[in-house]
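A short worksheet on the structure shown next.
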Amino acid sequence: MDALFNIVMPLLIALLVWGGFALVRRTRERRAAWESGLTAPARVVRAWATTQMVNNVARRVQWHEYDYTTGDGLAVRFKESGGPRDRAVGEEVLVYYVAGDPEKATASAPQPGKDTAGAVFGLFFIGAAVIAILYAWATMPEL
């Protein structure tokens, strides 16, 4: 049983660290897209929702797939989660992108303060979870 916990605990910690890294990476990508000043009209080509169960409560995540053409004529398609529920296929929206990496675009309006606050809250939650796992692991009684 100890061997199982000695394998599972580091895996949980690694998963949480990866989640924190992904959160910071996407926050930086969105901020770079907003700060680049490059925009383009895009069309929603697909919209769908996924459902996650968290503590027996369904959580809906809205996804959209967009097509747009950069200023230098490059056609780009990208997916983004967390968009508005009422955004329909065929709708025209404005996307923000970085010239060097147009696949990392965002269709959400600039809100760097809200984005940063969400990232800080997420990292705080992840850090607390890692500390709780380390504490539980360190104080686990020998079987």
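The values are calculated or read from the model by the stated rules, or taken from the named source; none is laboratory data. Values in this document were obtained by computation on a predicted structure and should not be read as measured data. With ideal geometry, Cβ positions are generated from the backbone for all residues, glycine too; neighbour counts draw on all protein chains shown. Accessible surface areas use protein heavy atoms only, side chains included; no ligands, DNA or RNA. Shrake-Rupley method; radii C 1.70, N 1.55, O 1.52, S 1.80 Å.
Report whether or not Arg60 is under 16 Å from Leu94 (Cα atoms) and assigned to a strand (DSSP E or B). Steps first, answer last, please.
Working: under 16 Å from Leu94 (Cα atoms): no; assigned to a strand (DSSP E or B): yes.
Answer is no for this residue.
Residues that are touching a strand residue (DSSP E or B) at 6+ places or on another chain (Cβ under 6 Å), of a type outside the set (A, V, I, L, M, F, W, C) and more than 22 Å from Ala117 (Cα to Cα): does the stretch 28-38 have at least one? Step through it out loud before you land on a result.
The first filter runs over the stretch 28-38 and keeps only residues touching a strand residue (DSSP E or B) at 6+ places or on another chain (Cβ under 6 Å), leaving 30, 33-34, 38.
Subsequent filtering for residues that are of a type outside the set (A, V, I, L, M, F, W, C) retains 30.
Going one step further and asking which of them are more than 22 Å from Ala117 (Cα to Cα), we end up with none.
There is no residue in the stretch 28-38 that is touching a strand residue (DSSP E or B) at 6+ places or on another chain (Cβ under 6 Å), of a type outside the set (A, V, I, L, M, F, W, C) and more than 22 Å from Ala117 (Cα to Cα).
Within the option set Trp18, Trp63, Trp48, Trp34, being touching a Pro at 6+ places or on another chain (Cβ under 6 Å) and aromatic (Phe, Trp, Tyr) holds for one residue only, Trp34. When Ile126 is tested against (1) more than 16 Å from the chain's Cα centre (by Cα); (2) buried (at least 16 other Cβ atoms within 10 Å of the Cβ); (3) in a helix (DSSP H, G or I); (4) not acidic (Asp, Glu), only condition (1) is not met.
Please state which one of Ala49, Ala40, Ala32 is within 16 Å of the chain's Cα centre (by Cα), of a type in the set (Gly, Ala, Ser) and under 15 Å from Thr106 (Cα atoms). Break it down into steps so the answer makes sense when it comes.
Values: Ala49 fails: under 15 Å from Thr106 (Cα atoms); Ala40 fails: within 16 Å of the chain's Cα centre (by Cα).
Result of the check over Ala49, Ala40, Ala32: Ala32.
Give the number of residues within the stretch 63-85 that are of a type outside the set (Asp, Glu) and out of contact with any helix residue (DSSP H, G or I) (no Cβ under 9 Å at 6 or more places or on another chain). Give the derivation first.
Filtering the stretch 63-85 down to residues of a type outside the set (Asp, Glu) leaves 63-64, 66, 68-71, 73-79, 81-85.
Checking the rest, the ones that are also out of contact with any helix residue (DSSP H, G or I) (no Cβ under 9 Å at 6 or more places or on another chain) come to 63-64, 66, 69, 71, 73, 75, 79, 81-85.
Count: 13.
The set of residues from the stretch 72-116 being under 20 Å from Gly37 (Cα atoms), in contact with a Phe, Trp or Tyr (Cβ under 9 Å, 6 or more places away or on another chain), without any contact (Cβ under 8 Å) to a residue 24 or more places away in the chain and open to solvent by 70 Å² or more (accessible area, probe 1.4 Å) comprises just one member, Ala75. For the condition open to solvent by less than 70 Å² (accessible area, probe 1.4 Å) and under 19 Å from the mean Cα position of the chain (by Cα), Leu15 does not qualify. Does the stretch 21-31 contain at least one residue that is polar (S, T, N, Q) and exposed (fewer than 15 other Cβ atoms within 10 Å of the Cβ)? No, because not a single residue in the stretch 21-31 is polar (S, T, N, Q) and exposed (fewer than 15 other Cβ atoms within 10 Å of the Cβ). Listed by first and then second residue, the pairs with beta-carbon distance under 6 Å, at least 6 apart or on different chains, first residue in the stretch 49-71 and surrounded by 10 or more Cβ atoms within 10 Å (Cβ to Cβ), second polar (S, T, N, Q), are Ala49/Gln62; Arg59/Gln52; Val61/Thr50; Val61/Ser81; Trp63/Ser81.
Condition test on Ala119, is it surrounded by 12 or more Cβ atoms within 10 Å (Cβ to Cβ), in a helix (DSSP H, G or I) and under 21 Å from the mean Cα position of the chain (by Cα)? Outline the logic, then answer.
On the way: surrounded by 12 or more Cβ atoms within 10 Å (Cβ to Cβ): yes; in a helix (DSSP H, G or I): yes; under 21 Å from the mean Cα position of the chain (by Cα): yes.
Here the answer is yes, as Ala119 does meet what is asked.
Pairs are defined by a Cβ separation below 6 Å, a sequence spacing of at least 6 or placement on different chains, a first member in the stretch 1-21 that is in a helix (DSSP H, G or I), and a second member that is among the small types (Gly, Ala, Ser) and surrounded by 12 or more Cβ atoms within 10 Å (Cβ to Cβ); the pairs so defined are Leu16/Ala129. Please go through the stretch 79-104 and pick out each residue that is under 23 Å from Gly20 (Cβ atoms) and either part of a helix (DSSP H, G or I) or hydrophobic (A, V, I, L, M, F, W, C) (or both). Answer for the stretch 79-104, where residues must be under 23 Å from Gly20 (Cβ atoms) and either part of a helix (DSSP H, G or I) or hydrophobic (A, V, I, L, M, F, W, C) (or both): Val98, Glu103, Lys104.
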